[in-house]
Amino acid sequence: MTEEQIRQAVLSGLAEIAPEADPEEIGPRENLREELDIDSYDFLNLLIGLNEKLGVEIPEEDYEKLVTLENLVSYLVLRLV
Amino acid sequence: MGEFIMPSLGADMKTGILVAWRVGAGDHVRHGEIIAEVETDKGLFEVEVFEDGVVERILVQPGPEKMPVGTVLATIRAEAEVAEPPTGEATPAKPRLKISPAARKRAAECQVDPATLQGSGQQGAITLADVERAAEGEAPAEPLPQKAPDDFRAGMRRSIAAAMSRSNREIPHYYLETEIDMSRALAWLKEENARRSIKERLLPAVLLIKAVAKALERVPELNGRWHEERLQIKKEMHIAFAVALRQGGLITPAIHQVDRKSLDQLRDDLSDLIARTRAGRLRASEMTDATITVTSLGDLGVETVYGVIYPPQVAIVGLGRIVERPWAERGLLGVRPIMRATLAADHRATDGHHGARFLEALSRALEEPEKL
């Protein structure tokens, strides 16, 4: 699994929970929750989606580390690559 | 003979559009089965039928016209009743066309088949003008237009405005507030979720809704309807939960029988409800059955929410963000995660004593999360 594949999975997951937004336009260091108006329900759905796409289980205590796109991708790369 | 009418899907709803039938004349229907799709300012809803029987006659065809609440859309015969004498056709009776005598005569003269026309008259009736248009070879009536997102949002805003204005005008609200120590609830959730795979994890909202149901067991006067100058306490607890739509607008669909469901069932129901709310696929009963509403703006960082009651309910619970605060207990100072909970209630139905007891019961329910 490459970093690019992970990034694509994340972008696709974001598109699912925020269908009206264009994930390609999100800056890597922008606060995802604010930029996309995501609530805790959406965020959980995003993680469930990533679990289905990438097979990764993210524990609750790690949620707060996942603020930006960059955070999310790096975190997943560490766990998967 | 029962009548299936255009339902009222909210306090302020006056008209609805019949979008589609899910059954036809001659079909058997059971209580709770979805019989039609209706569109209002708030979106598309699946409407259930509340009796067992056979659809006798479809009186109104789907169309773009807004029909007043109460319009008879179909007749339903209870199983035990005798069927109407057959019309002489071997196949199930064709739905009777609503067409004026003048229009019917003109249609015959012009050799236009009225069954192919979209009626523009009252309740979808075919008018003389419709027949004339068809006779002149004009294009057939357009299919139901997809509401542009802006129209839809404007319509929803109007709906909300009407309901909230009415609430403010008619209901004498009183407000109470309390702070709830969420440390035990959060600790319990953390432990539970650590053991669960991601699909099974509980969001705090699930705990909160269940706790509201528990508190209502103590103060049932807040779970009811104001109707005909008096309070009607309801046994069932159908708790409406405020769901924000992704691009503006708010809908409060109800979760049925909250007191009878486990936390896992509530999690699944809440998830399903939010998804269907955002996709515009709610059921009519989810819009009309709520006995109380909970509005939680904690995610957005708001600490205190003072709600506006949705008539004919008599209360609304507001839950804010959980914040770490200094907390004194038995002379010692510590820091606890605190949530502000408010109650706005109808002073015709209850008074501050009821409200205070409810908030106290809510607080205690959240201090014993393992019992929820």
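The values are calculated or read from the model by the stated rules, or taken from the named source; none is laboratory data. Just so you know, these numbers come straight off a predicted model, no measurement behind them. Backbone-built Cβ (ideal geometry, glycine too); neighbour counts: all protein chains shown. Areas reflect the complete protein model, heavy atoms only, side chains present, ligands, DNA and RNA absent. Shrake-Rupley method; radii C 1.70, N 1.55, O 1.52, S 1.80 Å.
Among the criteria (1) modelled with pLDDT of 95 or more; (2) of a type outside the set (Phe, Trp, Tyr); (3) open to solvent by 10 Å² or more (accessible area, probe 1.4 Å), the one B:Pro312 does not fulfil is (1). Among residues that are of a type outside the set (Val, Ile, Thr) and either over 28 Å from B:Gly355 (Cα atoms) or more than 13 Å from chain A (Cβ to nearest Cβ) (or both), B:Ala211 is included. The combined condition, being modelled with pLDDT under 85 and either open to solvent by 20 Å² or more (accessible area, probe 1.4 Å) or assigned to a strand (DSSP E or B) (or both), is fulfilled by B:Glu79. Among residues belonging to region B:290-301 that are at pLDDT below 90 and within 21 Å of B:Phe358 (Cβ to Cβ), point out the one that is most open to solvent (accessible area, probe 1.4 Å). By that ranking, first place goes to B:Leu297.
Note on region A:16-28: residues that are in a helix (DSSP H, G or I) and open to solvent by 80 Å² or more (accessible area, probe 1.4 Å) amount to 3.
All conditions but one from (1) more than 21 Å from B:Leu300 (Cα to Cα); (2) more than 11 Å from the chain's Cα centre (by Cα); (3) assigned to a helix (DSSP H, G or I) apply to A:Gly13; the one that does not is (2).
Annotation: A:Pro59 fulfils all but one of (1) more than 16 Å from B:Arg246 (Cβ to Cβ); (2) without any contact (Cβ under 8 Å) to a residue 40 or more places away in the chain; (3) within 11 Å of another protein chain (Cβ to nearest Cβ); (4) surrounded by 15 or more Cβ atoms within 10 Å (Cβ to Cβ); the unmet one is (4).
All told, A:Glu70 meets the bar of being within 13 Å of the chain's Cα centre (by Cα) and open to solvent by 70 Å² or more (accessible area, probe 1.4 Å). Being within 14 Å of chain A (Cβ to nearest Cβ) and over 30 Å from B:Glu324 (Cβ atoms) narrows it down to one residue among B:Arg278, B:Arg283, B:Arg195; which is it? Result of the check over B:Arg278, B:Arg283, B:Arg195: B:Arg278.
Comparison of B:Arg281, B:Arg325, B:Arg348 shows that the only residue that is under 30 Å from B:Glu37 (Cβ atoms), surrounded by fewer than 19 Cβ atoms within 10 Å (Cβ to Cβ), touching a strand residue (DSSP E or B) at 6+ places or on another chain (Cβ under 7 Å) and charged (D, E, K, R) is B:Arg281. Closer than 24 Å to B:Arg340 by Cα, without any contact (Cβ under 8 Å) to a residue 24 or more places away in the chain and within 10 Å of another protein chain (Cβ to nearest Cβ): is that true of B:Ala187 in this structure? Here the answer is no, as B:Ala187 does not meet what is asked. Set side by side, the residues A:Leu44, A:Leu66 differ, and just one is in contact with a Phe, Trp or Tyr (Cβ under 8 Å, 6 or more places away or on another chain) and among the aliphatic types (A, V, I, L, M), which is A:Leu66. If I go through region B:339-370 residue by residue, how many of them are outside any strand (DSSP E or B), within 21 Å of B:Val323 (Cβ to Cβ) and of a type in the set (Lys, Arg)? Total meeting the criteria: 1.
Report yes if some residue within region B:206-226 is closer than 27 Å to B:Gly43 by Cα, open to solvent by 40 Å² or more (accessible area, probe 1.4 Å) and out of contact with any Leu (no Cβ under 7 Å at 6 or more places or on another chain); otherwise report no. Yes - at least one qualifying residue is present in region B:206-226. Scanning region A:29-45 for residues that are open to solvent by less than 70 Å² (accessible area, probe 1.4 Å) and either acidic (Asp, Glu) or more than 20 Å from B:Leu297 (Cα to Cα) (or both) yields A:Glu30, A:Asp39, A:Asp42.
Checked against (1) away from every other protein chain (no Cβ under 14 Å); (2) touching a residue at least 40 places away in the same chain (Cβ under 8 Å); (3) among the hydrophobic types (A, V, I, L, M, F, W, C), B:Ile233 passes all but a single condition, namely (2).
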